[in-house]
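Enquirer: Before anything else, here's the structure in question.
The values are calculated or read from the model by the stated rules, or taken from the named source; none is laboratory data. These figures come from a predicted structure and were not determined experimentally. Please note: Cβ atoms are built from the backbone with ideal geometry, for glycine as well, and neighbour counts cover all protein chains shown. Remember, those area values only see protein heavy atoms, side chains included, never the ligands or the DNA or RNA. Shrake-Rupley method; radii C 1.70, N 1.55, O 1.52, S 1.80 Å.
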4 protein chains.
Amino acid sequence: MEDNNDHLVRSSDDQHPANLIPELCRKFWTLGWVTGTGGGASIRKDDLVYLAPSGVQKELMRPENIYVLEMSKQIDPKKRIYLRSPQNLKPSQCTPLFMAAFKKRNAGCCIHTHSQWAVLITLLLERRTENCKVFEINNIEQIKAFGRGWQKQGALGYHDTLRVPVIENTPFEEDLTEYLESAMDDFPDTYAVLVRRHGLYVWGETVNKAKQQAESLDYLFQLAVEMEKLNLPWLSDICPVT
Amino acid sequence: MEDNNDHLVRSSDDQHPANLIPELCRKFWTLGWVTGTGGGASIRKDDLVYLAPSGVQKELMRPENIYVLEMSKQIDPKKRIYLRSPQNLKPSQCTPLFMAAFKKRNAGCCIHTHSQWAVLITLLLERRTENCKVFEINNIEQIKAFGRGWQKQGALGYHDTLRVPVIENTPFEEDLTEYLESAMDDFPDTYAVLVRRHGLYVWGETVNKAKQQAESLDYLFQLAVEMEKLNLPWLSDICPVT
Amino acid sequence: MEDNNDHLVRSSDDQHPANLIPELCRKFWTLGWVTGTGGGASIRKDDLVYLAPSGVQKELMRPENIYVLEMSKQIDPKKRIYLRSPQNLKPSQCTPLFMAAFKKRNAGCCIHTHSQWAVLITLLLERRTENCKVFEINNIEQIKAFGRGWQKQGALGYHDTLRVPVIENTPFEEDLTEYLESAMDDFPDTYAVLVRRHGLYVWGETVNKAKQQAESLDYLFQLAVEMEKLNLPWLSDICPVT
Amino acid sequence: MEDNNDHLVRSSDDQHPANLIPELCRKFWTLGWVTGTGGGASIRKDDLVYLAPSGVQKELMRPENIYVLEMSKQIDPKKRIYLRSPQNLKPSQCTPLFMAAFKKRNAGCCIHTHSQWAVLITLLLERRTENCKVFEINNIEQIKAFGRGWQKQGALGYHDTLRVPVIENTPFEEDLTEYLESAMDDFPDTYAVLVRRHGLYVWGETVNKAKQQAESLDYLFQLAVEMEKLNLPWLSDICPVT
């Protein structure tokens, strides 16, 4: 049996990515984000990327299930080279999407959820005749949880409008990559992309920021669905107090 | 006191069926699937079938509460022979339904839930004038969690329509067996059957697959109920991107 | 300091009422039944009655918080005599209502919840012009979780109609007692009474039966609220298959 | 490294404020009150005030993350002096709001939530043409969980109307302070203030009372949102039984 670099996923530090990813996934399972092995999470530390595998029950994931690769060594996107591959598992189809957040935004963590609130938001937008490709909400305190954007300082303000682009789903998850990258180009300040009838990709500079933004987005999506049921609009023209 | 084959349910391996069934039931209780002792779960390992008992609080079940029988020794369905019977308990009325999934589909695990989302789906279908005997949904990513069908390779695709047949409830649960078996014949590729005003039977080749499909179905049922509240249709004609 | 019979609530047996009541209350808190110290639970073992105190946070209750009294020694309902009273606590106003279930129905356990689903059911009934004093539902599998009635054998069937009487709330909880007792007289087979704009009292011969019926009722109340939102009727005329 | 008074947050007593705040925040996270690092909690013990920091994931908070200050030493509200400041953290913007409850009401604990139910209540009130600045509900048992008011004995009764004032949100949380204090003046008996499109501030004489009132308010807000969906009014004219 060849050396599989198992030392890369063995650490007694609970902040090590190989320990953090299973801990995050356990939490996400209770939130309904990774039901039925859907969704996933990835952490980048310098040049090393740690990835949850495909198909494993997310609330039961263990450090030894984690894939590791070197970002700088990935030349051909069709032929990924892993520094460590768990036995009897398959890499996640989300890998190229996580990589896009790491490469294009220098993210430290990227989270993918199948949250029902995210899916419902994309369905509610789909039946609109205009602006069906972006979720917009403003004048809600939780919006302050989001950074102003890539390479910008500070956080969004209460009166700012949070915008999350929506891309159409594709039969093969890896085919989403080019649309995700286009959405990043079109919305340079976004930290998240909704995938129609599928879920959400959300990232942050650190694990804490990615998790904070993932929780806050899910909060806003659930709130927006409840607002729709109660005929309350997502956008309002409350002016800043002067 | 006669020998009751207690060794069959004693193992230090947490993957042993007698340990897995209580663990699954605890989880299902928190999901609202086995409220008030309703629902249940069964695992088959080769010729041995492990069954949760009737009436026990599902979140408090223990390995010593598990029934065991040999599939090959069951000649008369009216007179079941147990290899191990827990004292002071009764076998579950679901037993013949679990057996149907094991015999007709070679399943390794079968789960029965009383999920409110499953019940609501059957009620929403019941008031339709047509197609009231099958739940259909398509163009939702979570559909990919389902296998293509019995003895078929691969998983359903995003554009495929997931179909789950609905059978009518009967006063005695064991009387459902023939209707369940008919539904299996009519829908040879299904991994699940809804029971009107009652709940769901869902199975898989392995415990992991059965659980993944159970979670994914419940996700889709809840999503579909929310879609109904928001006047969003379950079926859409989004075409595959070519 | 006088002897306070602390031995009555000290036991290493997790099935002892002084251990079971805190365990049940922890569970009920997660279900939203005893929010903000509302609701409660009581267990009777032969002549001894064990009672949760007033005002204590239900998820943090401990065996030493439990009151104990002898049923046979309670002559004057206005002047209750406790065998054991925890220091610095007050007895629950629910005490006479729990006692009614023990005396009139020989119950072994009585549970009081402030479940929002129970409250909503009483509000939905209140605006009806007729039959506003009884909740009725039929043709739902979970109905089988209920016994046929006091001193009767067996369980309700799938086609039976479950009936739970509703009494009006009173400013002081102990004043509910006479109305609760009247409802027991008018509905001799019920195991539960709804209190308008307040919650539910539900009991059973044993702790397990009381808990099973409490969970099953809450399941049916939540289901019925969702049915109302979806314009699905609580009663249907599906006939028994003959 | 200078002395940072770390002894103020080190205690083996689980009732010590530095242990209680993280314990409360863990619980609040599971209730959806402090999603994405939003919300917070503070406890006052005599002259010492213990505060959760800004930005920390609330379910992962630890005693060493807690700020401590002396109430009597705070002369200039713009220049707060901390007895203990955790390294690498920032004090919460909620600090002056918590201080208002401590100073003006002699509260022992103040809780701030971003509960979606609280936010939805403020949105439902906002679209009204009158009485949009106060939430009112009556004839619900859970109202009894609230005290009659500051320096008053006893609790609200079942027929009393619970009133919670609503203030408008401001871009900077500390700017809410004057509006919160005005609302306290206008509603001298309230134990809580809603912040439009933001959340809730709720306090009590003790940690237990603050938590009980926070849970009970959230219960009433969720109930009121469900009532709105079902077209049930929040106020009714049921008269006291005489």
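Enquirer: I need the inter-copy label distances for B:Glu23: point set 7 Å along Cα to C-beta, values in nm with one decimal, smallest first.
Expert: 2.2, 2.2, 3.1
Enquirer: When a/c reaches 1.5 or more, the comparison of a/b and b/c decides; with that in mind, is the protein assembly as shown rounded, prolate or oblate per its Cα gyration tensor? Walk me through the numbers before you get to the answer.
Expert: On the way: a/c = 1.45, a/b = 1.00, b/c = 1.44.
It comes out rounded by the Cα gyration axes.
Enquirer: Let me check against my output: what whole-number percent is the relative contact order of the range A:112-241, with C-alpha pairs under 8 Å and at least 6 apart?
Expert: Reported as a whole number, the value is 31 percent.
Enquirer: Please find, among residues of chain A, the one with the beta carbon closest to the rotation axis relating it to chain C, distance in whole Å.
Expert: A:Lys229, 5
Enquirer: Which distances, shortest first and in nm, link C:Arg62 to the matching position in the other copies, using label points set 7 Å out along Cα to C-beta?
Expert: 2.6, 2.6, 3.7
Enquirer: In the full protein assembly as shown, how much of B:Glu64 is accessible to a 1.4 Å probe, in Å² to the nearest 10?
Expert: Per-residue accessible area (B:Glu64): approximately 90 Å².
Enquirer: Return the sequence-ordered ³J(HN,Hα) values of the range A:31-41 in whole Hz as given by the Karplus equation 6.51 cos²θ - 1.76 cosθ + 1.60 applied to θ = phi - 60°, using x for Gly and Pro.
Expert: Listing the rounded values in order: 7, x, 8, 10, 4, x, 6, x, x, x, 7 Hz.
Enquirer: Can you tell me how chain C classifies by the Cα gyration tensor, rounded, prolate or oblate, using a/c under 1.5 as the rounded cut?
Expert: Taking the square roots of the gyration eigenvalues as a ≥ b ≥ c, chain C is prolate.
Enquirer: Rounded, prolate or oblate, given the Cα gyration tensor of the range A:112-241, with a/c below 1.5 counting as rounded?
Expert: Oblate shape, in that a/c is at least 1.5 and b/c is the bigger or equal ratio.
Enquirer: If the viscosity is 1.567 mPa s and the temperature 4 °C, what Stokes-Einstein diffusion coefficient in µm²/s follows for the range D:48-158 when Rh is the Kirkwood radius over Cα pairs?
Expert: 76
Enquirer: Write down the accessible area per residue of the range B:126-174 in Å², having rolled a 1.4 Å probe over the full set of protein chains.
Expert: Per residue, the range B:126-174 has an accessible area of 48 Å².
Enquirer: Let me ask something else about it. Rank-order D:108-117, D:87-96, A:7-16 by packing density, defined as the average count of other C-beta atoms within 10 Å over each peptide's residues, highest first.
Expert: Those peptides, ordered most packed to least, come out D:108-117, D:87-96, A:7-16.
Enquirer: Once amide H atoms are built 1.01 Å from N in the peptide plane, which residues 5 or more positions from D:Val134, or in another chain, come under 5 Å H to H?
Expert: Those lying under 5 Å, H to H, from D:Val134 are D:Val166.
Enquirer: What residues does the range C:195-215 have that are buried by at least 40 Å² of accessible area in the full protein assembly compared to the chain on its own, 1.4 angstrom probe?
Expert: Going by heavy-atom accessible area, the residues of the range C:195-215 that drop by at least 40 Å² are C:Arg197, C:Lys211, C:Gln212, C:Glu215.
Enquirer: While we're on this one: Could you do me a favour and compute the accessible area per residue for the range A:1-92, 1.4 Å probe, result in Å²?
Expert: 52
Enquirer: Once all Cα-Cα distances of the range B:1-92 are split into 10 Å bins that start at 0, what whole-number percent is in each one?
Expert: Reading upward from the zero bin: 17, 50, 29, 4.
Enquirer: Moving to a separate point now. So what's the back-of-envelope 222 nm ellipticity for chain C, counting only DSSP H runs of four-plus at -39500 (n - 2.57) apiece and dividing by all residues, rounded to 500?
Expert: -9500 deg cm²/dmol
Enquirer: Could you tell me the total accessible area buried at the C-B interface, probe 1.4 Å, in square angstrom to the nearest hundred?
Expert: For C against B, buried area totals roughly 2400 Å².
Enquirer: Once every Cα of the range C:4-45 carries one equal point scatterer and solvent is ignored, give the base-10 log of I(q)/I(0) from the Debye formula at q = 0.22, 0.23, 0.28, 0.31 Å⁻¹, two decimals.
Expert: Taking Cα atoms of the range C:4-45 as identical point scatterers yields -0.75, -0.79, -0.96, -1.04.
Enquirer: Still on this structure: Over chain B, what is the percentage of antiparallel beta bridges among all DSSP beta bridges, to the nearest 5?
Expert: In chain B, approximately 95 percent of DSSP beta bridges are antiparallel ones.
Enquirer: Measure up D:Lys58/D:Lys90; B:Lys73/B:Lys209; A:Lys90/A:Lys211; C:Lys58/C:Lys229; A:Lys73/A:Lys152; B:Lys45/C:Lys211 against 23 Å on the Cα-Cα distance and list the ones that go over. The partial results should precede the final answer.
Expert: Values: D:Lys58/D:Lys90 14 Å; B:Lys73/B:Lys209 27 Å; A:Lys90/A:Lys211 25 Å; C:Lys58/C:Lys229 31 Å; A:Lys73/A:Lys152 29 Å; B:Lys45/C:Lys211 33 Å.
Among D:Lys58/D:Lys90; B:Lys73/B:Lys209; A:Lys90/A:Lys211; C:Lys58/C:Lys229; A:Lys73/A:Lys152; B:Lys45/C:Lys211, the Cα-Cα distance tops 23 Å for B:Lys73/B:Lys209; A:Lys90/A:Lys211; C:Lys58/C:Lys229; A:Lys73/A:Lys152; B:Lys45/C:Lys211.
Enquirer: With the full set of protein chains in place, find how many percent of the accessible area of the protein assembly as shown is carbon and sulfur; take the probe as 1.4 Å. Before the final figure, lay out the partial values.
Expert: Working: 19650 of 40570 Å².
That fraction is 48 percent.
Enquirer: When each copy gets a label point 7 Å from Cα toward the beta-carbon at B:Asn208, what are the spacings between them in nm, shortest first?
Expert: 3.5, 3.5, 4.9
Enquirer: Would you mind calculating the relative contact order of the range B:1-92 from Cα pairs under 8 angstrom and at least 6 residues apart, reporting the percent as a whole number? Write down the numbers at each step before the final one.
Expert: Values: 147 pairs, mean separation 26.2, N = 92.
Value for the range B:1-92: 29 percent.
Enquirer: A follow-up question, please. Ranking request for peptides D:71-83, C:30-42: highest mean number of other beta-carbon atoms within 10 Å first, then the rest in descending order.
Expert: C:30-42, D:71-83
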